[in-house]
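What follows is calculated from the coordinates using simple rules that are stated; it is not laboratory data. Note that the coordinates shown come from a computational prediction; the quantities given were computed from them, not determined experimentally. Cβ atoms come from the backbone with ideal geometry, glycine included; neighbour counts cover every protein chain shown.
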Amino acid sequence: MESKLLLALATGAAAGLAAGLALRERRAAPPDSGVPDEERLAWLQRLSTVGQMMSGVVHEVRTPLNTVILAVEHAQRVLDQGGDPREQLRSAAREADRAVEILSDILDFAKPAQLDLKPVALAPLLEGALEPLKIRFDERGVETSLDVPADLEVLASPRHLHQVVTILLMNALDALPFGGRLDLRAERAGRAVRVTLSDNGVGIEPAVLARLFQPFATGRAASGGTGLGLNVARWIMTKHGGDVSIASPGIGKGTTVALTLKAA
Ligand SMILES: Nc1ncnc2c1ncn2[C@@H]1O[C@H](COP(=O)(O)OP(=O)(O)OP(=O)(O)O)[C@@H](O)[C@H]1O
Ligand SMILES: [Mg+2]
């Protein structure tokens with residue numbers, strides 16, 4: 001109930017902001033007559049980027065906010081049992097911070113979209129992305145494993161890479177409604193680093209694989225999928241000079257998602 005309300009508030013606020021941004025763009029638009037086609041096209045492209053980016057922001061802010069709710073509910077249960085809820089409260093605070101960081105991306109919009117890449121230790125980053133979602137995997141009876149060399153470093157914007165991994169973990173969770181396994185691995189491949197997430201969940205029909213990175217392409221329309229996760233993930237990976245790909249042997253046969261990054 002509360003989570004629906006929060007979601008509606010976040011969506012409403014972001015939609016309002018999007019409308020505001022779009023309005024500003026419209027006022028700055030060239031008049032209809034006498035404007036070269038390329039200029040009009042560039043303006044239309046900018047407008048559609050604003051819309052797409054706003055949908056992405058709403059999509060991304062949802063996950064940390066829902067995790068805040070889960071962590072606070074968990075803290076309440078711990079308190080009711082006379083325990084110490086500090087760990088759950090810390091997790092709630094961390095995820096709330098993450099939501100704020102994602103929202104601040106909107107303010108960065110006017111600047112050229114360059115991510116600030118630096119050497120990042122991969123193991124703690126992957127652990128940090130898995131940790132807040134662990135409670136959801138546990139609830140579902142999904143076993144998770146993490147196999148990452150301790151000294152592996154990549155060139156990345158840590159919070160954006162965290163965002164990508166969260167998107168992929170949420171997809172794996174959706175693909176494992178009745179439990180199963182999720183294995184997260186990373187290894188050096190020459191000057192690159194390859195991160196893979198393999199689940200033994202519902203799998204994907206070969207015919208639709210290529211379409212999944214397009215915005216609004218969802219196989220979960222009935223359960224509220226917006227189809228933006230993989231699109232946002234690809235955008236972020238491209239900004240890293242890397243890539244994301246998805247493969248599945250077919251329905252019921254699990255899925256592997258691979259990220260390629262530059263080794264630091
Ligand atoms: N691990 C996976 N196993 C099976 N199908 C997957 C997996 N990851 C992605 N998919 C398929 O790709 C589609 C697109 O994923 P994407 O994250 O872009 O959107 P979504 O999960 O449908 O919605 P949301 O916007 O809420 O993330 C999913 O709907 C699902 O059909
Ligand atoms: Mg998704």
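Data overview
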| read-out | value |
| --- | --- |
| Residues whose placed amide H lies under 5 Å from that of Gly180, excluding near-sequence neighbours | Val142, Glu143 |
| Phi to ³J(HN,Hα) by Karplus 6.51 cos²θ - 1.76 cosθ + 1.60 over region 257-264, Hz, x for Gly, Pro | 10, 10, 10, 10, 10, 7, 5, 8 |
| For q = 0.11, 0.20 Å⁻¹, Debye-computed log10 I/I(0) when each Cα of region 133-264 counts as one equal scatterer | -0.37, -1.27 |
| Gain upon complete extension [Ala189, Asp116; 0.36 nm per residue less C-alpha separation] | 24.0 nm |
| Three-way shape call for region 121-166 based on the alpha-carbon gyration tensor, with the a/c threshold at 1.5 | oblate |
| Ala258-Asp37 FRET efficiency (beta carbon distance; Förster radius 41 Å; 0.05 resolution) | 0.55 |
| Karplus-derived HN-Hα couplings along region 211-224 (A = 6.51, B = -1.76, C = 1.60, θ = phi - 60°), whole Hz, x at Gly and Pro | 7, 5, 8, 6, x, 6, 8, 10, x, 10, 4, 5, 9, x |
| Amide H within-cut-off set for Ala192, under 5 Å, with H built and near neighbours excluded | Ala263 |
| Partner aspartates and glutamates for Lys253 [C-alpha distance under 16 Å; skip if fewer than 8 residues away on the same chain] | Asp174, Asp183, Asp199, Glu205 |
| Simple label model, 7 Å out from Cα along Cβ direction - Arg77 to Ala222, nm | 2.8 nm |
